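The values are calculated or read from the model by the stated rules, or taken from the named source; none is laboratory data. For clarity, every value in this text was computed on a predicted model and none was experimentally measured. What goes into the accessible areas is simple: the full protein's heavy atoms, side chains included, and nothing from ligands, DNA or RNA. Shrake-Rupley method; radii C 1.70, N 1.55, O 1.52, S 1.80 Å.
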Amino acid sequence: MKIQTIIVLSAALAFSMTGPICAHDSGAETVTKNFEAAIPNIPGKSLIAVEVDYAPGAASPPHTHANSAFVYAYVISGAIESKVNDSETRIYRAGESWSESPGSLHSISRNASKTEPAKLLALFVLDTNDSPLTTPTN
């Protein structure tokens, strides 16, 4: 199965389940787990999909993800400003994506707009028992 097919299927499954799992900043950012499953052909690995809704001007605190997590982020709507490790700070718009290797520092993750909401889908491939998904660094 092609990676594009897996991503599309994961996104479709992600939107079929809802329920907020955390909000870092009292309503400014909401993270909702949409999907979680063991990957049958990769023993010990799981796929978790979360949707991150940013209010206008909202930001996540600097953070890392679970040590084993490879993260694929896809902007669903709006624009997200992001900086991972020593890369340039960049604005990603709806339809654009990026990835984060295990152990990456995500120092900037915020809505690039002060007036419009933004939303992204983050897919985590990680060791099944690795948690938490996100750890603030400050």
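The residues of the range 24-115 have, on average, 48 Å² of accessible surface per residue, using a 1.4 Å probe with all protein chains present.
Decide, for the range 48-99, between rounded, prolate and oblate: order the square roots of the alpha carbon gyration tensor eigenvalues as a ≥ b ≥ c, take rounded if a/c falls under 1.5, and otherwise choose prolate if a/b is larger than b/c, else oblate. List each step's numbers first, then the result.
Working: a/c = 1.41, a/b = 1.27, b/c = 1.10.
In terms of gyration-tensor shape, rounded.
Full extension of the chain between ARG90 and SER131 gives 12.0 nm of extra length, using 0.36 nm per residue less the Cα-Cα distance.
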